[in-house]
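First the structure, in the form of structure tokens, and then the observations on it.
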Amino acid sequence: MNRAVSQTIESTSDGTVSGTPRLWLRLESVVLLTGALIAYSATGQHWWLVPVVVLLPDLAMTGYMAGTRVGAFLYNLAHATPVPALVIGLGWWQHRPLLLGLGLVWLAHIALDRLMGYGLKYDDDFQHTHLGMLGRIRRTSERGTEQQTEASRQAASSHIHPIKPRATTRDDAAANFVRPVQEG
């Protein structure tokens, strides 16, 4: 395997999307956000409606009060494209521009979340998404290096060590290998 290819391979044992596919998902989010807002402008609805309803899908987070399994299901239901696509289709079919506009704002919300790194949730932890862990050490797909978020900086400053991330390439694995000290 050549070095360029080996550097783009990252550990995905935790179910997260990384590397080049993550970049494609971000591009997809930009296109979806732009397309949803352009289509919204064609509905004739008032623009003040966008900031009023754009955060409504986040009300699904209240499902986490019933536990992570219910919370993840409701959150993913509100943050996956099939339901807003059905709302858009129903609005189009019934000639209801308000319904069409609400579905488009919903799609824009999903695209904006994905663009900011908020993905669909796993049912083990609110912070565990298909795009990575929120509020913890994140890998940058462009360089494969580690960036500390505020949470990990605070943990480091309080002498609590965050979990060490796995090596992202075979070269990193070799560099991170620690040989035991031989005494005597």
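Check every one of the helices (runs of 4 or more DSSP H) wholly within segment 37-115 and list those with 3 or more residues that are without any contact (Cβ under 8 Å) to a residue 12 or more places away in the chain. Steps first, answer last, please.
Details: elements: 49-53, 68-78, 82-93, 97-115.
Here the list reads 82-93.
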Of residues in segment 33-83 being in contact with a Gly (Cβ under 6 Å, 6 or more places away or on another chain) and surrounded by 16 or more Cβ atoms within 10 Å (Cβ to Cβ), the one nearest to Gly103 (Cα to Cα):
Tyr40
Being touching a Ser or Thr at 6+ places or on another chain (Cβ under 6 Å), at pLDDT below 95, of a type outside the set (D, E, K, R) and more than 30 Å from Val53 (Cβ to Cβ): is that true of Thr145 here?
no
Regarding Thr129, is this residue more than 21 Å from Pro21 (Cβ to Cβ), among the hydroxyl-bearing types (Ser, Thr, Tyr), touching a residue at least 24 places away in the same chain (Cβ under 8 Å) and surrounded by 14 or more Cβ atoms within 10 Å (Cβ to Cβ)?
no
Looking at Gly119 and the list (1) within 30 Å of Ala42 (Cβ to Cβ); (2) at pLDDT 95 or above; (3) of a type outside the set (Lys, Arg), which single condition is not satisfied?
(2)
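The values are calculated or read from the model by the stated rules, or taken from the named source; none is laboratory data. All of these numbers come straight from a predicted model, not from anything done at the bench. No Cβ is skipped: glycine too gets one built from the backbone with ideal geometry, and neighbour counts run over all protein chains shown.
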